[in-house]
Amino acid sequence: MSERWKVVIVGGGFGGLSAAQHLNSDLVDVTLIDRRNYHLFQPLLYQVATGSLSAGEVASPLRGVLSRQKNTRVWLGTVVDIDPDSKRVFLADGAIVPYDSLIVAAGSQTFYFGHNEWQEWAPGMKSVEEATAIRHKILYAFEVAERLSDPVQRRSWLTFVIVGAGPTGVELSGAIAEIARQTLKNDFRSINPQEAKIILLDGAPRVLMPFPEDLAEKATRSLAKLGVEVRCGAMVKQVDKEGLTIDSGGRTDSIAAKTVVWAGGITASPLGKMLASHTKAESDKGGRVKVRPDLTIPGYLDIYVVGDLASAMDKKGKPLPGVAQVAMQGGAYAAKAILRKVKGQRELPPFHYFDKGSLAVIGRAAAVADVFGVHLSGLIAWLVWAFIHITYLVTFQSRVLVFFQWAIQDLTFSRGARLITGAAPTDFNFSEELAETKAEPVNASR
């Protein structure tokens with residue numbers, strides 16, 4: 001019996017996992033490699049950052065998800081190099097994995113527009129660790145403010161700035177506003193959490209640029225009802241311990257804020273640059289590898305690039321968006337193409353992305369949705385958003401847990417995962433600050 005076709009998948013995100021699931025065939029041996037042992041449902045990561053959900057409810061162990069696929073093995077490891085000519089993948093621990101077909105779905109990372117030093121003060125939200133760090137910063141800010149009597153310092157600790165008004169920024173700012181206005185409103189004695197200031201910044205002329213303009217306007221109004229201040233046309237010039245500096249219409253402003261979250265952009269994984277160099281493939285300005293219509297690299301028809309790492313075009317020549325649906329459909333397409341090749345069947349037609357629409361939630365029973373060209377907002381859009389997100393969670397257990405967590409939260413405004421974990425930040429010393437102010441906490445007016 002001849003040796004089975006070897007397929008290596010780099011990345012266990014939406015694209016990689018979708019490819020693995022569609023390669024459930026005794027014609028191929030599949031090795032999925034990821035530096036994490038879990039698949040992360042990133043669209044709900046902001047809810048981990050704001051205490052609505054725990055990390056285990058939005059992440060599922062890859063071995064568990066793929067346990068019934070006997071032709072598939074999962075390796076925990078970091079890919080550091082790929083040799084497209086000898087068809088080998090190299091891991092950081094020295095392991096070498098040969099392949100007949102390779103699917104690269106390494107995803108993306110937070111982009112600071114050449115200012116990576118800002119990451120220390122404005123974390124992004126691409127991993128569980130970053131989400132829990134943001135949750136720490138948000139909740140810790142209220143704890144510090146509770147013990148301060150200086151109104152200026154209190155204000156800076158109770159000011160929250162989100163940079164980037166795409167779906168992640170809109171969802172995060174709305175969630176922080178609900179924390180301040182509802183979840184914590186009765187929890188403190190010296191401060192009134194409802195006085196917290198939430199600012200959403202973006203250099204674009206409006207929020208949710210990929211969405212239709214009428215839905216963006218409705219989202220802005222919903223954010224205003226929650227008390228979120230939206231500032232568009234504002235470019236960030238500096239971020240540090242004390243806050244950030246922005247340029248808005250030629251005018252420079254400083255915002256004193258101890259909590260800044262970066263949702264302002266993404267760039268391709270470094271694997272994209274390395275792969276492009278080895279294959280002489282072109283890359284776009286975001287580091288994504290330009291692929292052929294069948295998602296392969298020119299000159300290397302055994303290498304498929306899917307998801308955020310791929311620069312693919314639709315029928316009109318426009319770049320496909322970096323969203324989960326593109327990655328999932330791309331992964332499924334690559335898997336089907338490989339199986340047809342192994343079976344000796346005709347090639348698939350070029351990859352076609354079926355756009356099911358765009359969704360963004362603003363708060364409790366408030367969302368906007370563009371579904372098959374139909375514009376929805378309010379409660380009905382929120383129900384569509386909730387149904388789709390629960391459906392796409394990869395395990396039944398996660399669906400049940402998330403459903404009940406959301407039900408409890410919507411009825412009570414309680415956020416059960418409101419935990420400050422990890423070491424306390426070192427950028428503030430209670431004893432020194434209280435010694436300087438020499439003042440007793442003053443009860444906030446309710």
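Bear in mind that the values in this text are calculations on the coordinates, not laboratory data. Remember, it's a predicted structure, so these values are computed and weren't measured experimentally. Note that each Cβ is placed from the backbone with ideal geometry, even for glycine, and that neighbours are counted across all protein chains shown.
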Subject >> Beta bridges by DSSP in region 236-335, antiparallel share as percent, to the nearest 5 >> reply: 90
Original post:
Hey, in the GNM for the chain with a 10 angstrom Cα cutoff, which one of 15, 243, 331 fluctuates hardest?
Top reply: 243
Subject >> Candidate aspartates and glutamates - alpha carbon under 14 Å from residue 273, same-chain residues fewer than 8 apart omitted >> reply: 81, 83, 282, 284, 308
Subject >> Under the Karplus curve 6.51 cos²θ - 1.76 cosθ + 1.60, θ = phi - 60°, whole-Hz ³J(HN,Hα) for region 146-153, x wherever Gly or Pro sits >> reply: 4, 9, 9, 10, 6, x, 5, 5
Original post:
Please state the relative contact order of region 7-117 as a whole percent: Cα pairs under 8 Å, 6+ residues apart?
Top reply: 34
Subject >> Positive dipole terminus of region 166-224, leading residue within 166, 215, 176 (C-beta point charges) >> reply: 176
Original post:
Between 263, 281, 131, which gets the highest mean-square fluctuation from a Gaussian network model of the chain, Cα cutoff 10 Å?
Top reply: 281
Subject >> Calculated FRET value between residue 189 and residue 76, using beta carbons and R₀ = 51 Å, to 0.05 >> reply: 0.65
Original post:
Past the 20 Å Cα-Cα mark, which pairs from 6/315; 6/341; 315/356?
Top reply: 6/315
**OP:** Taking 7 Å along the Cα-to-C-beta vector as the label spot, tell me the residue 231-residue 336 distance in nanometres, rounded to one decimal.
**Re:** 4.8
Original post:
For residue 282, which sequence-distant residues (separation of 5 or more, or a different chain) have an amide H within less than 5 Å of its own amide H, given hydrogens modelled in the peptide plane?
Top reply: 290
**OP:** Quickly work out the residue 143-to-residue 396 label distance, labels modelled 7 Å from Cα along the C-beta direction, and quote it in nm with one decimal.
**Re:** 3.9
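Please state the relative contact order of the chain as a whole percent: Cα pairs under 8 Å, 6+ residues apart?
Reported relative contact order: 20 percent.
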Original post:
Each residue of region 270-283 in turn: what ³J(HN,Hα) in whole Hz from Karplus with 6.51, -1.76, 1.60 and θ = phi - 60°, glycine and Pro shown as x?
Top reply: x, 4, x, 5, 5, 5, 4, 5, 6, 9, 6, 7, 7, 10
**OP:** Mind giving me the nanometre distance, one decimal, between the label points for residue 372 and residue 119, set 7 Å out from Cα along Cα→Cβ?
**Re:** 4.2
Original post:
How far, in nm, would the chain grow between residue 343 and residue 90 when pulled straight, counting 0.36 nm per residue and subtracting the alpha carbon separation?
Top reply: 88.3 nm
Original post:
Quick one: Karplus J couplings for region 31-46, per residue in order, coefficients 6.51, -1.76, 1.60, θ = phi - 60°, nearest Hz, x for Gly and Pro?
Top reply: 10, 9, 10, 8, 7, 10, 9, 9, 8, 9, 8, 4, x, 9, 5, 4
Subject >> Global form of region 4-123, assessed from the alpha-carbon gyration tensor, a/c cut-off 1.5 >> reply: oblate
**OP:** Calculate the dipole size of the chain relative to its Cα centre from +1 charges on Lys and Arg beta carbons and -1 charges on Asp and Glu beta carbons; express the result in debye to the nearest 20.
**Re:** 1100
Original post:
So how tilted is helix 379-392 from the main axis of the chain? Cα-based, degrees 0 to 90, rounded to 10.
Top reply: 50
**OP:** Give the percent of DSSP beta bridges with both residues in the chain that are antiparallel, rounded to the nearest 5.
**Re:** 55
Original post:
Which chymotrypsin sites (Phe, Trp or Tyr not before Pro) does region 301-367 hold that lie in a coil by DSSP with at most 14 other beta carbons within 10 Å?
Top reply: 354
